[in-house]
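Everything below concerns the one structure shown next.
The values are calculated or read from the model by the stated rules, or taken from the named source; none is laboratory data. In this text, all values refer to a predicted model and were calculated from it rather than measured experimentally. When we count neighbours, we look across all protein chains shown, and the Cβ atoms used for this are built from the backbone with ideal geometry, even at glycine.
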Amino acid sequence: MSVLVLGGSAVVPSLLLFWYVYARDKRPEPHDLLLKTFLLGAVICAPVVPTALALQKLGAPYADGVWGSALVRAFLGAAIPEELFKFLVLYLYVWRKPAFDEPLDGVVYGATASLGFATLENILYVGEHGLGVAVLRALTAVPGHAFTGVVMGAFVGRARLAPEAQRFGLLAAGLGQATLLHGAYDLFLMTGTGFAVLSLGVLALEVQWGRKLYRALQSEQLALMSAPAGLLAAEAAVMMQGPGGQVSTASVVVMGPPSWSPPPARPAEDPRTGGSWLKLVIGGVGLTASSLWLLVVIAALFDEQVTDVASYLAWGVLTAISVAFALLFLWLFRSGLRGPEARPER
């Protein structure tokens, strides 16, 4: 199969998930910083591999039986090294950037670094195993990476603006929860038994927990943006309730520099309706499929020896139809991202 098609199948799902996370931020981050964070997320694949091999070697004496082997491979060979290096991208690179000035930014940068890693990992897997693996990973592994990045980023974002005494606990909670969720997903999958289906339950938990944290931080962002101009500090009490129950309560002071003032007030968003979710899902799946189909058409067009007018016309019509479907699904996806229309004022 064409390299163009395989490459597109590996990249498109990550880009759509990044678009979803980015579009929900009402104060978007600088494009160059997001690009560098994404690329750093891909670059960490290089140190992750030898680190994972070394950790697996250390854990080899405990890799006994189906569950022992799966446990070592899931945590020492995947979750711990991968989440650790994603965390280092956030803490060593993004942490002191001036643009990282509110807790929600941690979610955006966490998802961006994770999707950078997932994209390169996807390219490697798809290049070896083909389009079938690309489809499977687009529905499972890529969202898994994105939402463990959201979970980690939520805690890193909170720690970035928290008092010094609270930072270590928040950072450790973010890294620990992302690693635990990632490892649990891989653990069931790597047993190679019927228990592998439980990975889907862990994935659903990752998505639900990540979205809950995102909504909490987004509500704070909207509240701060709606506060009177000149407000320099806002105290926010946020329940950091873990997947298994309440784990901690953090009271955080969100500070701005002396010259800072909130942007103009914006109304709080309406909850996302079933219709907007339907548009988002159908648009995302359709846009992925139609984009890949368009790449198939383009690849076939380059491979074909077109010599007559009728063939040119047929290929032109097929390409136009493919583009039309892609644009239709793009419109649906963007409409779903915008969510429900604002209710008229009374």
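Residues in segment 208-226 that are among the hydrophobic types (A, V, I, L, M, F, W, C) and under 21 Å from Leu181 (Cβ atoms) were compared, and the one that is surrounded by the most Cβ atoms within 10 Å (Cβ to Cβ) is Leu213. In the set Thr179, Thr140, Thr148, only one residue is farther than 30 Å from Asp101 by Cβ and either of a type in the set (Ser, Thr, Tyr) or in contact (Cβ under 8 Å) with a residue 12 or more places away in the chain (or both); that residue is Thr140. All but one of (1) under 20 Å from Lys36 (Cα atoms); (2) over 16 Å from the mean Cα position of the chain (by Cα); (3) surrounded by 20 or more Cβ atoms within 10 Å (Cβ to Cβ) hold for His145, so report the exception by its number. With respect to (1) under 20 Å from Lys36 (Cα atoms); (2) over 16 Å from the mean Cα position of the chain (by Cα); (3) surrounded by 20 or more Cβ atoms within 10 Å (Cβ to Cβ), His145 is out only on (2).
Can you name every residue in segment 56-70 that is charged (D, E, K, R) and part of a helix (DSSP H, G or I)? Correct list: Lys57 only.
Taking the listed residues Val108, Val126, Val156, Val150, the one that is surrounded by 23 or more Cβ atoms within 10 Å (Cβ to Cβ), closer than 20 Å to Val21 by Cα, aliphatic (A, V, I, L, M) and more than 12 Å from the chain's Cα centre (by Cα) is Val156, with no other qualifying. The helices (runs of 4 or more DSSP H) falling completely within segment 130-202 that include 1 or more residues that are under 21 Å from Val107 (Cβ atoms) and assigned by TED's automatic domain parsing to the domain that holds Gly116 map to 141-160, 164-190. Within segment 24-39, residues that are under 23 Å from Met225 (Cβ atoms) sit with their Cβ atoms under 6 Å from residues that are surrounded by fewer than 18 Cβ atoms within 10 Å (Cβ to Cβ) and of a type in the set (Gly, Ala, Ser), at 6+ positions apart or across chains, in these pairs: Glu29/Ala99; Pro30/Ala99; Leu33/Ala99.
Could you list, in sequence order, all residues of segment 117-167 that are closer than 22 Å to Leu187 by Cα and aromatic (Phe, Trp, Tyr)? Passing the criteria: Phe117, Tyr125, Phe147. Only one entry in Phe75, Phe85, Phe117 is of a type in the set (A, V, I, L, M, F, W, C), within 25 Å of Ala138 (Cβ to Cβ), surrounded by 20 or more Cβ atoms within 10 Å (Cβ to Cβ) and touching a Pro at 6+ places or on another chain (Cβ under 9 Å), namely Phe85. Of the residues examined, Val107 is one that is among the hydrophobic types (A, V, I, L, M, F, W, C), in a helix (DSSP H, G or I) and either within 29 Å of Leu198 (Cβ to Cβ) or out of contact with any helix residue (DSSP H, G or I) (no Cβ under 6 Å at 6 or more places or on another chain) (or both).
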